[in-house]
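See structure below.
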Amino acid sequence: LQKRDKVRTECPNQDVVDKLRELANTYRNRPGDDYHWRVYAYSKGDYLKMLTCNLTRSVAIASIRNCKHRIESLEEALGIHGVGVKTAEKIMEVIRTGNLKRIRYEQDERTVIVGIFRGIYGVGTTVAYDWYSRGLRTLEDVKQRRFGIKLTAAQDIGVKYYEDLASRMPREEAKDIFDQIVTHAHSIDSKLSVEIMGSYRRGEETCGDIDILITRNPEDALEVLPRLLKKLHEAKILVADLGGGDVDDLEAKYMGLCRRSPRDKVRRIDILTIPYSQWPGALIYFTGDDIFNRSMRLLANKKGMSLNQRGLWTGVVRDHRTRQKTAAGTLLNLPTERAIFEYLGVPWQEPHQRVR
Ligand code: DCP
Ligand code: MG
Ligand code: MN
């Protein structure tokens, strides 16, 4: 504290210095900013000029720091070594208002752009910030793979269908796609149970994707998913694969893109196949929503049980510190969703009630 007080008395324009540094830092955090842009737009000579410009900015900050009295006017600010008109205006803004609007503006721009990048399927925070710091600013930059970026197969598809995937579909559209899938599934095996899950089952007006749950009673479903996927591709309902689906046993997950018809937008689809014994647990899991699931799991844990995608388990032992399972426990034979609710002591909730 003493040290900070000392610095403050030593520099009568510390607030100005702080704000200008903060601004400089927002530029530094983004090595791609106008810097990179200008490398492309300007000749080599201009580029050099620009570098000198940046140098001047830090010279200005150093000079302000050395200033022994409080800066009072624009003329005075302009008299400081390394301070040009734009910096002088910024100095006076801080002196008058205690703030520098430009900082907010710059930070907001980064947040907005990183948000757009993160909206691309397959792009997380790390990649989004990396692209931003490399100088990418628009979806077009990503599409053009500017600054030498490489895209994964999923990101490539995400960019290609960005506009389609940015919107949610009306539930009627989800229902139409689901109906087509049911028909194809039953043409493979009439004993398959096929359900539409997620936000659709909760009765929401729009769906972010289509979630499909498939099982067979009795449990015998060799290669159901690969065969179904092949049919859906042939019918042009599936447009692209994003992962999974290669497993030919009863427990498989597929992620892809689908559409109702070539005139419709491309939508995300998740398909889950499970053994019949896990049907009730999977119904709860895949109905969600995710927050409801989290609270149900927490409750199960509090009662010494464990709830997951497969169902409700007893005798699960966890290490107190790491929370890692040390005994797997046994899956309770509860035949319905209701039975799981009852066993947990939770009043029954219809799917549309299971929302945060
Ligand atoms: N789920 C979960 N935890 C996750 C992801 C999913 O418990 N991290 C479960 C609950 C979800 C269901 O799977 O309701 C389906 O996942 P979706 O991501 O498809 O979410 P929703 O269908 O609920 O919403 P949306 O309309 O956005 O797809
Ligand atoms: Mg969904
Ligand atoms: Mn989903």
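In straight-distance terms, cross-link reach from Lys143 covers every one of the aspartates and glutamates whose alpha-carbon lies under 12 Å from its own, apart from those fewer than eight places away in the same chain; here that gives Asp156.
Provide the gained length on full extension for the span Leu299 to His233, in nm with one decimal, where the gain is 0.36 nm per separating residue minus the Cα-Cα distance. Walk me through the numbers before you get to the answer.
On the way: separation 66, 0.36 × 66 = 23.76 nm, distance 4.13 nm.
Going from the current span to full extension adds 19.6 nm.
The separation of the stretch 268-310 from the stretch 143-215, counted between C-alpha centres, amounts to 20 Å.
Magnitude of the Cβ-charge dipole of the stretch 81-150, K/R +1 and D/E -1, about the Cα centre, nearest 20 debye?
So the dipole magnitude of the stretch 81-150 works out to roughly 120 debye.
The relative contact order of the chain comes to 10 percent, based on Cα pairs under 8 Å that sit 6 or more residues apart. Length available on full extension from Asp15 to Tyr162: 0.36 nm per residue minus the Cα-Cα distance, which gives 48.6 nm.
With a simple spin-label model that places each label point 7 Å from the Cα along the Cα-to-Cβ direction, the separation between Ala328 and Tyr105 comes to 6.2 nm. Dividing the mean sequence gap of close Cα pairs (under 8 Å, 6+ apart) by how many residues the stretch 179-296 holds gives a relative contact order of 26 percent. Taking 0.36 nm per residue of separation and subtracting the Cα-Cα distance, full extension of the segment from Asp220 to Gln180 would add 12.1 nm.
In this rough spin-label picture, where each label sits 7 Å from Cα along the Cβ direction, the His69-Asp246 distance is 7.5 nm.
Exceedance of the 30 Å cut-off in Cα-Cα distance is limited, within the set Lys160/Lys230; Lys150/Lys236; Lys231/Lys325; Lys191/Lys230, to Lys231/Lys325. Using the Cβ-Cβ distance between Glu140 and Ser261 with R0 = 30 Å, the FRET efficiency computed as 1/(1 + (r/R0)^6) comes to roughly 0.60. Between Arg321 and Thr336, the simple spin-label model (points 7 angstrom out along Cα→Cβ) gives 4.6 nm.
Across the stretch 141-239, the relative contact order, built from alpha-carbon pairs under 8 Å that are at least six residues apart, equals 25 percent.
Every number in this text was worked out from the coordinates using simple rules, so none of it is lab data. Note that the coordinates shown come from a computational prediction; the quantities given were computed from them, not determined experimentally. Methodologically, a virtual Cβ is constructed for each residue, glycine included, from the backbone with ideal geometry; neighbour enumeration extends over all protein chains shown.
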